[in-house]
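Here the structure is laid out as structure tokens; the discussion comes afterwards.
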Amino acid sequence: MVGVEEGFDTTWVWEYHSDLACCDWLHHAMPILTAAMRTPCQKRLEELDARYRAATGPTNAPNAQVSRWSEQGRWWHDRWPLLIDHDEENPPPSWSPAPSRIA
């Protein structure tokens, strides 16, 4: 997801949720790929997932979606950027714990 490692610009917070939808698409597409296609894709996705986990933190907000997403195997919905880079926009209240801001 573009910008999460460098500091996510909260001006485009709606884009974050759109990016999560792209991850959902990959989640649904992987099982229908042939083994020859799935193997290299899986390796690359594991690398990207590790980077995403390092740049995000799990939400502490108690809500029904957290368990729903986890039950569906879509853990990325339960994570938020650890670093944001825009001072004029506050992250959504569901982004808990609050991310750090780039100085």
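Some observations on this one:
- In sequence order, region 76-86 has phi-based couplings of 4, 6, 9, 10, 10, x, 7, 9, 10, 10, 9 Hz under the Karplus curve 6.51 cos²θ - 1.76 cosθ + 1.60, θ = phi - 60°, and Gly or Pro positions carry x.
- Percentage relative contact order, region 10-101, counting C-alpha pairs under 8 Å, at least six apart: 34
- Net charge of neighbours whose Cβ lies under 14 Å from the Cβ of ARG51, counting Lys and Arg as +1 and Asp and Glu as -1: -2
- Nitroxide proxy distance, nm - points 7 Å out along Cα→Cβ at HIS17 and ARG38: 3.2
- The amide H of ARG101, built 1.01 Å from its N in the peptide plane, has ILE84 as neighbours under 5 Å, considering only residues 5 or more places off or on other chains.
- Cα-based Rg and Dmax for the chain, where Dmax is the largest Cα-Cα distance (Å): 14.6, 47
- Amide H contacts of TRP80 (H built 1.01 Å from N, under 5 Å, at least 5 apart or other chain): GLY57, THR59
- For ASP9, the residues whose modelled amide H falls within less than 5 Å of its own, excluding neighbours fewer than 5 places apart on the same chain, are ASP85.
- Since only GLN72, SER100, ILE32 are under comparison, the one whose Cα sits farthest along the positive direction of the charge dipole of region 10-101, derived from C-beta charges on Lys, Arg, Asp and Glu, is ILE32.
- Helix-only arithmetic for the chain: the sum of -39500 (n - 2.57) across DSSP H runs with n ≥ 4, divided by the residue total, places the mean residue ellipticity at 222 nm at -14500 deg cm²/dmol.
- Charge dipole magnitude, Cβ of K and R +1, D and E -1 - region 10-101, Cα centre, debye nearest 20: 440
No lab work stands behind these numbers, since they all come straight from the coordinates. These numbers were taken from a predicted model, which means no experiment stands behind them. FYI the Cβ positions are ideal-geometry reconstructions off the backbone, even for glycines, and counts take in every protein chain you see.
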